[in-house]
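Have a look at the structure below before the remarks.
Please treat every number below as a calculation from the coordinates, not as lab data. Bear in mind that the values here come from a model prediction, so they are computed numbers and not experimental data. Because the Cβ atoms are built from the backbone with ideal geometry, glycine has one as well, and the counts that use them run over all protein chains shown.
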Amino acid sequence: MMKKFITILTVLVFSAGALNAQIFSKGSQVINAGIGFGHTYLGGVGYSIGLPAITASYEHGVVDIPISSDLDGAISVGGFLGYSNSSYRYSFWSDDLKYVYNSFLISARGNFHFVFHEKFDPYAGIHLGFLLVNGKWKGAGAPPGVWDAQSSRFQGGGYVGGRYYFSDAIAVYSELGWMLAYFHVGVSFKLN
């Protein structure tokens, strides 16, 4: 599925006409607010998602890169904040024996924007940040086995995304890749 999405995005980018509108360029500032689906680090048999990931991110255009007469590029840097909640159930017969996890991700990110359209802003990016996972046992007695529910680590990943602007300042966005969740959707606000 990821390969198909990247292939379609690449075809769209390189087959676009010469609209060359600067939807994103040096000095652009965008704030995203969204939700994410599919945990990237807690999943499998026994895990369940309590809440979808709640995310916010900011990016600032730092450099424009002319590529061809039909396509320009722009690089942005920014940050990402996210929270998610999930649980791991030890017994399929009882919901009383489980860990409940709260996860926070704070990361820096950088994007490359493919600038070729007035309203569509596709990009690819990477992020590197700090993931804090806090788990609490919700059951009678001590948790079974030796299980460390507290976990903090550096986490990085890559993603592809795109925004579609309905006005000069408001867009919807989606991102697919390795962040707090596999898939994020939400609304974007362009500040300038």
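What is the sum of charges around Asp168, taking Lys and Arg as +1, Asp and Glu as -1, for the other residues whose C-beta is under 15 Å from the C-beta of Asp168?
After counting each charged neighbour, the total is +1.
3J(HN,Hα) along the stretch 104-109, derived from phi through the Karplus expression 6.51 cos²θ - 1.76 cosθ + 1.60 where θ = phi - 60°, amounts to 10, 10, 10, 8, 8, 9 Hz, with x in place of Gly and Pro. Using 0.36 nm per residue, how much length does the chain from Phe166 to Lys138 gain when fully extended, once their Cα-Cα distance is taken away? Using 0.36 nm per residue and subtracting the Cα-Cα distance, I get 5.6 nm.
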